[in-house]
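The values are calculated or read from the model by the stated rules, or taken from the named source; none is laboratory data. This structure is a prediction, so every number in the text was calculated from the model and none was measured. Glycine gets a Cβ as well: all are built from the backbone with ideal geometry, and neighbour counts include every protein chain shown. The area values use the complete protein model at the heavy-atom level, side chains included, leaving out ligands, DNA and RNA. Shrake-Rupley method; radii C 1.70, N 1.55, O 1.52, S 1.80 Å.
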Amino acid sequence: MTPVGTGGPTARPEHPRSTPRKATVDKPIDAALTRLRDNDTARRAGLAGSALGTELAAAGIGFAAVGGPLEDRWHRALTELAQCIRPREGAPPVLNEGGVYHGTWIESTGTVNAEVLARFAPGVARDTHLLFADHQRGDGMIPYKVTDAGPAFSQIQIVTPLARTVWHHHRLTAGDPGFLERMYRAMARYDDWLVRFRDTRGTGGVEAFCAFDTGHDLSPRFWFAPDRAFRGDARRCDPDSPTLPYVAPDLTANAACQRSYLARIAEALGEDPDPWRRKANRSIEALYEQCFDEDDGTFYDRDRNGAHVRVRSDVLLRVLACEIGDAAFFERALRDHLMNTRKFLSHFGFTSLAMDDPRFDADASRNSWGGPVNLLSMLRAPQAFEHHGRAAELAVVAAPVLAALAAADRFPQCLDPWSGAPGFTSVYSPSILWFLDAVERGFGILPRPGGEVWFTGLPPTRLDHDAAAEATAYARRIGGADYTLAADDGRVEIHREGVLHLAFPRGWRIVMSPEGTVRAVVGMSPRPVTGDLESHGGEAGADALRLTIGPNERVELDDRGAVTSRTAAAFVPPGFG
């Protein structure tokens, strides 16, 4: 198989767009390529001179769609993302949460948001990470948010592991050892703080002292619990609480995953990773001992009285997004919970509370984790699904959400699970970044930490709500070469430096190695897809490899394009029982 990521200059202010195969545009793919060539991303999104615009231009990113609202919404997403990137006096700009949230939260802005942002504006993402190290308190606590008023320490509010986002940024950007070490020292000190102040019962887990420790506003999980820690001090739990402290599964899973990535960072810095690995294992043991219910197949808080708090919430997805559990466990979670329409799978994404819980409230008009779909949960979901090779299920869940946001008048925090109507707030960076991620993950070009690149062929030609496009084209610069992925309802093409390079049927993802060679093909459709992987431009002319690939199946190829192995996770469709 022809290498696809080598050669070409390393930096250019503009990149050549792929040109149609004919002088007259008579095919949807050709029309999409023409639109892409004629688009100017920075001008269209009003980003000229901005930090985001500069980094997008360096990455050669562009998008076009023939028909439907997606092209306009994509450029609007960039416009509003730029509004969330705010300058600081005497310091580089950083990402803000957006909407009604004026500042940068470690729960989201500084972790999962920044991880996605790193594909579009790696410099801004780096400075957003460093913001938390810069404001670490003397006792080791990292602030839960930083605003214009300064750092805040009244709760911990940790969900996505910071160490993983830092490690992924390091690998995505080819690494700055100084940045990595700076963040490592700060995170190691914070781990010590959590051990000292958030394991008062000696279980080995991490405890929640208030609702805001997990960002679960209005969730029944924290009924009869205060919003903030006792007297605004995250080191203290109200001694008169009837239920707190909780041994919290999401906080404990966060610590386990955090420690496993601290081990990787320690090893990269030349230090012994084994102490971190032992600590991670102890966290996992505490998680299962304290919080897991085998009969229900899910995790609950354990309150101060030793009882499980039997509220089924998005805690399960959070734990899974921390890479807890093996393939069999994840499949059970899909069947019983995440892909179950009685539990968490609404037509418009994962709900924040199980729908068969009588306390479920679908009201999306406020900041609520008591029922509605939160786009922050959707942004976290790939960390669980892709980790277990469940790209096909994730694509099924994402399509109606993409249609809803394409038709919406804003990028909200919440969606109505029944209608997909936008709810609380607007210009909300997790929602914006989910949309940008969904485009790259579904029908764009997505660079991965370590150099792997995904070219995915699930064009949005079958979306509801009048959101469908006839064809799309996405551009990105990889390894100094300009690539375009263009697709209509049946065919997907990859162009390199304006020349057709590969083609394949709708429903596949092409995986490129760090060296730029096709290494694998992944099934993205719920059904098996048969077709040819066409390779163009070699000395011998075009050649084709005939393949049938099932959902979630990964077919590995060698340097010659021959199949070396096949693996697959059984597809779990939406369930109704």
task: Just give me the residues in the stretch 319-347 being open to solvent by 10 Å² or more (accessible area, probe 1.4 Å), touching a residue at least 40 places away in the same chain (Cβ under 8 Å) and in a loop (DSSP other than H, G, I, E, B), in sequence order.
output: 323, 341, 342, 347
message: Here are the criteria: (1) on the phi > 0 side of the Ramachandran plot; (2) surrounded by fewer than 20 Cβ atoms within 10 Å (Cβ to Cβ). Tell me which single one residue 305 does not satisfy.
response: (1)
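Please work out which residue is nearest to residue 193 (Cα to Cα), limiting yourself to the stretch 252-274 and to residues that are in a helix (DSSP H, G or I), open to solvent by 50 Å² or more (accessible area, probe 1.4 Å) and free of Cβ contacts under 8 Å to residues at least 60 places away in the same chain. Let's see the steps before the verdict.
Our first condition is that a residue be in a helix (DSSP H, G or I); within the stretch 252-274, this holds for 252-268, 274.
From what's left, open to solvent by 50 Å² or more (accessible area, probe 1.4 Å): 264, 267-268, 274.
Within this subset, residues satisfying the condition of being free of Cβ contacts under 8 Å to residues at least 60 places away in the same chain are 267, 274.
Values: 267: 22, 274: 20 Å.
Only one residue fits best here, namely 274.
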- line: Exactly one of 329, 344 is over 23 Å from residue 184 (Cα atoms) and under 19 Å from the mean Cα position of the chain (by Cα), and that one is 344
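Of everything in the stretch 486-499 that's outside any loop (DSSP other than H, G, I, E, B) and open to solvent by 10 Å² or more (accessible area, probe 1.4 Å), which residue is farthest from residue 405 (Cα to Cα)? It would help to see each step written out before you state the result.
The first filter runs over the stretch 486-499 and keeps only residues outside any loop (DSSP other than H, G, I, E, B), leaving 486-487, 491-496, 499.
Restricting the remaining residues to those that are open to solvent by 10 Å² or more (accessible area, probe 1.4 Å) gives 491, 496, 499.
Numbers: 491: 25, 496: 31, 499: 33 Å.
Step by step, filter the stretch 486-499, then rank; the result is 499.
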- prompt: Of the numbered conditions (1) in contact (Cβ under 8 Å) with a residue 12 or more places away in the chain; (2) touching a Pro at 6+ places or on another chain (Cβ under 9 Å), residue 360 satisfies every one except a single condition; which is it?
  reply: (1)
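With the requirement that a residue be surrounded by fewer than 24 Cβ atoms within 10 Å (Cβ to Cβ) and either at positive phi or small (Gly, Ala, Ser) (or both), what does the stretch 197-223 give you? Steps first, please.
From the stretch 197-223, those surrounded by fewer than 24 Cβ atoms within 10 Å (Cβ to Cβ) are 197, 199-204, 211-212, 215, 217-220, 223; that's our starting set.
Across the stretch 197-223, the qualifying residues are 202, 204, 211, 215, 218, 219.
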- prompt: Quick one: what pairs do we get from the stretch 275-298, first residue without any contact (Cβ under 8 Å) to a residue 60 or more places away in the chain, second open to solvent by 50 Å² or more (accessible area, probe 1.4 Å) and assigned to a helix (DSSP H, G or I), C-beta under 8 Å, 6+ apart or different chains?
  reply: 297/332; 297/336; 298/336
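Residue by residue, here is whether (1) surrounded by 21 or more Cβ atoms within 10 Å (Cβ to Cβ); (2) in contact (Cβ under 8 Å) with a residue 60 or more places away in the chain; (3) farther than 25 Å from residue 406 by Cα holds:
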| site | (1), (2), (3) |
| --- | --- |
| 461 | yes, no, no |
| 464 | no, yes, no |
| 467 | yes, yes, no |
| 471 | yes, yes, no |
| 484 | yes, yes, no |
| 502 | yes, yes, yes |
| 507 | yes, no, no |
message: If a residue must be touching a helix residue (DSSP H, G or I) at 6+ places or on another chain (Cβ under 8 Å) and β-branched (Val, Ile, Thr), how many such residues does the stretch 338-375 contain?
response: 1
message: Exactly one condition in (1) under 23 Å from residue 197 (Cβ atoms); (2) in contact with a Ser or Thr (Cβ under 7 Å, 6 or more places away or on another chain) is false for residue 140; which is it?
response: (2)
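Applying the selection to the stretch 348-360, what residues are outside any strand (DSSP E or B) and under 14 Å from residue 396 (Cβ atoms)? It would help to see each step written out before you state the result.
Keep residues of the stretch 348-360 that are outside any strand (DSSP E or B), which gives 348, 352, 354-360.
Once the filter is applied, which keeps residues that are outside any strand (DSSP E or B) and under 14 Å from residue 396 (Cβ atoms), the stretch 348-360 yields only 348.
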message: Being assigned to a strand (DSSP E or B) and either open to solvent by 30 Å² or more (accessible area, probe 1.4 Å) or of a type in the set (Val, Ile, Thr) (or both) is the filter here; which residues of the stretch 542-560 pass it?
response: 543, 544, 545, 546, 548, 549, 554, 555, 556
task: Pick out the one residue from 566, 519 that is assigned to a strand (DSSP E or B) and farther than 18 Å from residue 457 by Cβ.
output: 566
field: Residue count, the stretch 355-382 (criterion: open to solvent by less than 30 Å² (accessible area, probe 1.4 Å) and farther than 22 Å from residue 212 by Cβ)
entry: 3
- prompt: If we scan the stretch 173-184, do we find a residue that is among the polar types (S, T, N, Q), in contact with a Lys or Arg (Cβ under 7 Å, 6 or more places away or on another chain) and either in contact (Cβ under 8 Å) with a residue 24 or more places away in the chain or farther than 25 Å from residue 89 by Cα (or both)?
  reply: no
query: Is it true that residue 409 is touching a residue at least 60 places away in the same chain (Cβ under 8 Å) and not polar (S, T, N, Q)?
result: no
